[in-house]
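Down below is the structure, laid out as structure tokens.
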Amino acid sequence: MRSIGELARASGLTVSALRFYDSAGVLVPALVDPVTGYRWYTDEQVAPARLVAGLRRVGMPVPEIAAAVRAEPAVVHRLLDAHLRRLEDGLADARRELSRIRTLIGPEAPAMATRLVLSPVDLARAVDAVRFAVGTDPDLPASTGVLLDVAPDGVRLVATDRYRLALARAGATRADGPPARALAPAGFVDEVRTLLDTGGTTPEAHLTVEGDTIAVSVAGRTVTTAAMPYDFPDYRRLVRAATGDPPAHRVPVDAAALSAALRRPDAPTVAREHDGVPVAVTVLGVDDRGTVRLVGPDEPAGPDDLRVGVNGGYLLDALDAAGGPQLVLELDGPIAPLAVRRADDEDAFSILMPIRL
């Protein structure tokens, strides 16, 4: 039997959500202690709880979630199709209404320029911290750039390819203009990184965002590009969803030692399949002493051990991009994202999506 907290960690639902779905009759505990009132669940309820968590994330109404938990797969697929059509219809209605509102407002005001003065070293470090997470899928063009989220106190760089998300920030020494957001092409970001390396000892880098134009100047040399015309995912919502509650484990790690272990030819992996293709999954284990290590395919798990599966190459990229000898891994269950943080910079971290074991 699993406690409500154990089921929460295994499913991705919060304890309060599990209590709600119990009261709604969607996911009822197998046993409720008559004395303490504690809820207990069986292992067979983990999969339905994960289904509930997924349906909740896409906004399916509670009655339909209840039906999906009890239905055959074919019925669940029909419920998913109906909900997707509902979402698409709602989005089309919203686009039409926003278009109508724009005609009422009139033409946009001329774009104001936003200018920041940054440390070239800090900006280069921020680029290095996120560049590895830029996507290459042409069907997801918004993932092929780096978001520049410009605020009066600096710029946050964000990149994601859906499987990982990386964030870093460079603080501004001077700023002028309103907050701005612009999606910079990966090629431009690479040009900027080269420019920062060849700028000599200049103490300043200048970032300008004006309308759909982005420019970076260092030591009298400037690179310019047009911002990509795509909507970048709401990374703040993604970060809140991934790291909103304190993690179950926050473990300092020796980055060099973990990287070396991942690069070993005999580094342990677990074989899984994705779309019919074999995948070698790196499994991180956290024992009852709070130690992280690579776990082999035949190692039994203790009752309090946590196992998280990730793409080993992605983890290696995140460790290399983070830099520094000491990093912190945040783990919160087998289907919760894994966060990789720098111990000395709370604004720089990456999140890796887990692989179900």
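The values are calculated or read from the model by the stated rules, or taken from the named source; none is laboratory data. Keep in mind it's a predicted model, so treat the numbers as computed, not measured. Here Cβ is always computed from backbone atoms with ideal geometry, including for glycine, and neighbour counts include all displayed protein chains. SASA here: full protein model, heavy atoms, side chains in, ligands and nucleic acids out. Shrake-Rupley method; radii C 1.70, N 1.55, O 1.52, S 1.80 Å.
Being open to solvent by less than 50 Å² (accessible area, probe 1.4 Å), in contact with a strand residue (DSSP E or B) (Cβ under 6 Å, 6 or more places away or on another chain), closer than 24 Å to Ser3 by Cα and not in a loop (DSSP other than H, G, I, E, B) is true for just one of Val308, Val328, Val340. Which residue is that? Even if it seems obvious, please write down each step before you answer.
Numbers: Val328 fails: closer than 24 Å to Ser3 by Cα; Val340 fails: closer than 24 Å to Ser3 by Cα.
Of Val308, Val328, Val340, the one residue that is open to solvent by less than 50 Å² (accessible area, probe 1.4 Å), in contact with a strand residue (DSSP E or B) (Cβ under 6 Å, 6 or more places away or on another chain), closer than 24 Å to Ser3 by Cα and not in a loop (DSSP other than H, G, I, E, B) is Val308.
Among (1) in contact with a strand residue (DSSP E or B) (Cβ under 8 Å, 6 or more places away or on another chain); (2) open to solvent by 30 Å² or more (accessible area, probe 1.4 Å); (3) in contact (Cβ under 8 Å) with a residue 12 or more places away in the chain, there is one condition Arg221 misses while meeting the rest; what is its number?
That leaves (1) as the condition not met.
Does Val295 meet the test of being in contact (Cβ under 8 Å) with a residue 60 or more places away in the chain and more than 18 Å from Ile351 (Cα to Cα)? Walk me through how you get there before you give the answer.
On the way: in contact (Cβ under 8 Å) with a residue 60 or more places away in the chain: no; more than 18 Å from Ile351 (Cα to Cα): yes.
In short, no.
Results for (1) in contact (Cβ under 8 Å) with a residue 12 or more places away in the chain; (2) open to solvent by 80 Å² or more (accessible area, probe 1.4 Å); (3) closer than 30 Å to Leu306 by Cβ, shown as yes or no for each residue.
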| residue | (1), (2), (3) |
| --- | --- |
| Leu165 | yes, no, yes |
| Leu183 | yes, no, no |
| Phe188 | yes, no, no |
| Ala215 | no, no, no |
| Tyr230 | yes, yes, no |
| Arg236 | no, yes, yes |
| Pro246 | no, yes, yes |
| Arg263 | yes, yes, yes |
| Pro268 | yes, no, yes |
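Find the helices (runs of 4 or more DSSP H) located wholly in the stretch 22-133 whose residues include 3 or more that are touching a helix residue (DSSP H, G or I) at 6+ places or on another chain (Cβ under 6 Å) and surrounded by 10 or more Cβ atoms within 10 Å (Cβ to Cβ), and list them. Explain how you work it out, then say what you get.
Details: elements: 46-57, 62-70, 73-105, 120-130.
Those helices (runs of 4 or more DSSP H) span 46-57, 62-70, 120-130.
Considering only residues that are touching a residue at least 40 places away in the same chain (Cβ under 8 Å) and charged (D, E, K, R), which ones fall in the stretch 87-146?
If the condition is that a residue be touching a residue at least 40 places away in the same chain (Cβ under 8 Å) and charged (D, E, K, R), then Arg115, Asp122, Arg125, Asp128, Arg131 are the ones that fit.
If I filter the stretch 347-357 down to residues being modelled with pLDDT under 85 and closer than 18 Å to Val281 by Cβ, which single residue comes out as farthest from the chain's Cα centre (by Cα)? Show your work before the answer.
Initial filter on the stretch 347-357 (modelled with pLDDT under 85): 347, 356-357.
Imposing the further condition that a residue be closer than 18 Å to Val281 by Cβ reduces the set to 356-357.
Values: Arg356: 16, Leu357: 19 Å.
Result: Leu357.
Answer yes or no as to whether Thr202 is outside any helix (DSSP H, G or I), of a type in the set (Ser, Thr, Tyr) and at pLDDT below 95.
So Thr202 passes the test.
Yes or no: Gly302 at pLDDT below 80 and either in contact with a His (Cβ under 9 Å, 6 or more places away or on another chain) or closer than 22 Å to Ala126 by Cβ (or both)?
No; evaluated as a whole, the condition is false for this residue.
Does Tyr38 fit the bill of being over 27 Å from the mean Cα position of the chain (by Cα) and farther than 30 Å from Val209 by Cβ?
Spelling it out, Tyr38 is indeed over 27 Å from the mean Cα position of the chain (by Cα) and farther than 30 Å from Val209 by Cβ.
Given the structure, is Thr202 under 14 Å from Val150 (Cβ atoms) and among the hydroxyl-bearing types (Ser, Thr, Tyr)? Let's see the steps before the verdict.
Values: under 14 Å from Val150 (Cβ atoms): no; among the hydroxyl-bearing types (Ser, Thr, Tyr): yes.
Against the criterion (under 14 Å from Val150 (Cβ atoms) and among the hydroxyl-bearing types (Ser, Thr, Tyr)), Thr202 does not qualify.
Can you tell me which residue is farthest from Pro203 (Cα to Cα) among those in the stretch 134-155 that are assigned to a strand (DSSP E or B) and over 15 Å from the mean Cα position of the chain (by Cα)?
Here is the first cut: in the stretch 134-155, the ones assigned to a strand (DSSP E or B) are 145-151, 154-155.
Still in the list and also over 15 Å from the mean Cα position of the chain (by Cα): 145, 148-151, 154-155.
Working: Gly145: 27, Leu148: 21, Asp149: 22, Val150: 20, Ala151: 20, Gly154: 16, Val155: 17 Å.
Residue satisfying both the conditions and the ranking: Gly145.
Does Gly302 fit the bill of being loosely packed, with under 13 Cβ neighbours inside 10 Å and in a helix (DSSP H, G or I)?
no
Give the number of residues within the stretch 332-346 that are closer than 16 Å to Pro252 by Cα and at pLDDT 85 or above. Don't jump to the end; show me each part of the working.
Step one: list which residues in the stretch 332-346 are closer than 16 Å to Pro252 by Cα, which gives 332, 338-346.
Among the residues that remain, those that are also at pLDDT 85 or above are: 338-342.
Final tally of qualifying residues: 5.
Scan the stretch 229-236 and tell me whether some residue there is assigned to a loop (DSSP other than H, G, I, E, B) and among the aromatic types (Phe, Trp, Tyr). Let's see the steps before the verdict.
Keep residues of the stretch 229-236 that are assigned to a loop (DSSP other than H, G, I, E, B), which gives 229-234.
Checking the rest, the ones that are also among the aromatic types (Phe, Trp, Tyr) come to 230, 232.
Among the residues of the stretch 229-236, at least one is assigned to a loop (DSSP other than H, G, I, E, B) and among the aromatic types (Phe, Trp, Tyr), which makes the answer yes.
On the basis of being open to solvent by less than 10 Å² (accessible area, probe 1.4 Å), within 15 Å of Ala168 (Cβ to Cβ) and in contact with a Leu (Cβ under 8 Å, 6 or more places away or on another chain), does Leu319 make the cut?
On the way: open to solvent by less than 10 Å² (accessible area, probe 1.4 Å): yes; within 15 Å of Ala168 (Cβ to Cβ): yes; in contact with a Leu (Cβ under 8 Å, 6 or more places away or on another chain): yes.
Yes; evaluated as a whole, the condition is true for this residue.
Look at Arg169 and say whether it is outside any helix (DSSP H, G or I), open to solvent by 20 Å² or more (accessible area, probe 1.4 Å), touching a residue at least 40 places away in the same chain (Cβ under 8 Å) and in contact with a Phe, Trp or Tyr (Cβ under 9 Å, 6 or more places away or on another chain).
On the way: outside any helix (DSSP H, G or I): yes; open to solvent by 20 Å² or more (accessible area, probe 1.4 Å): yes; touching a residue at least 40 places away in the same chain (Cβ under 8 Å): yes; in contact with a Phe, Trp or Tyr (Cβ under 9 Å, 6 or more places away or on another chain): no.
No: the conditions fail for Arg169.
Listed residues Asp344, Asp332, Asp317; which is among the charged types (D, E, K, R) and over 16 Å from the mean Cα position of the chain (by Cα)?
Working: Asp332 fails: over 16 Å from the mean Cα position of the chain (by Cα); Asp317 fails: over 16 Å from the mean Cα position of the chain (by Cα).
So the residue among Asp344, Asp332, Asp317 that is among the charged types (D, E, K, R) and over 16 Å from the mean Cα position of the chain (by Cα) is Asp344.
Could you check Leu284 against (1) in a loop (DSSP other than H, G, I, E, B); (2) open to solvent by less than 20 Å² (accessible area, probe 1.4 Å) and say which number it fails?
Result: Leu284 passes all but (1).
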